[in-house]
Amino acid sequence: LMGGAGKTTIAKVVYNQNISRFEGFSFLAQVRETSQDCNGLVRLQRQLISDLLKGKSHKIYNIDNGINKIKEIVCCRRVLLVLDDVDELEKIRKLMGTQIPFHPGSKIIITSRNRCLLNAHFISQMFDLEASTSCGGLSQLFGSKRT
């Protein structure tokens, strides 16, 4: 989807409306831009871990170290994650690894301009912003009646 279509804004609204239902939550903004910086992926991992552990920070020395810590955290608590403006599937793999053992009931929202990314095997539902006039479809992901 094109830039400026409201993807981030809608993701923020849905995130803020639903964080109380989860034991851990994190909104990673501007993944595309941040990941291009020196140590950007490690910085994103640190933010994710700190958010999920409600401010407790952990020293992360490299991407593999971060992936292992993230997997430890998400396997034992329901989490809500927003990965905003992701341009490549590889960035998600580098951020969190593959075969991520998410706890049942966890939700991950990915915003992207790249439709190809959304065909990844782990995407279970896709919400097309251009084909919709409300957030109703996205709210259904959470089983809520809000539109």
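The values are calculated or read from the model by the stated rules, or taken from the named source; none is laboratory data. Since the model is a prediction, treat every value here as computed from it, not as a measurement. Cβ atoms come from the backbone with ideal geometry, glycine included; neighbour counts cover every protein chain shown. Just the protein is used for accessible areas: all its heavy atoms, side chains included, with ligands, DNA and RNA removed. Shrake-Rupley method; radii C 1.70, N 1.55, O 1.52, S 1.80 Å.
Solvent-accessible surface of protein heavy atoms, probed at 1.4 angstrom with all chains present, puts Phe102, Phe22 in the order Phe102, Phe22, largest first. In the neighborhood of Ala11, defined by Cβ-to-Cβ distances under 11 Å, what is the net charge if each Lys or Arg adds +1 and each Asp or Glu adds -1? Local net charge: 0. Here's the list of lysines a cross-link from Lys69 could span, going by alpha-carbon distance under 16 Å and ignoring same-chain residues fewer than 8 apart: Lys54, Lys56, Lys59, Lys94. Computed extension length for Arg77-Tyr61: 3.4 nm, one decimal, from 0.36 nm per residue of separation with the Cα-Cα distance subtracted.
Each residue, Asn39 and Arg113, gets one label point 7 Å from its Cα in the Cβ direction; the gap between the two is 2.8 nm. Largest first and in whole Å, the equivalent-ellipsoid semi-axes of segment 17-63 read 21, 14, 5, each the square root of five times a Cα gyration tensor eigenvalue. The residues packed around Arg77, meaning those with a beta-carbon under 14 Å from its beta-carbon, carry a net charge of +4 if Lys and Arg are +1 and Asp and Glu are -1.
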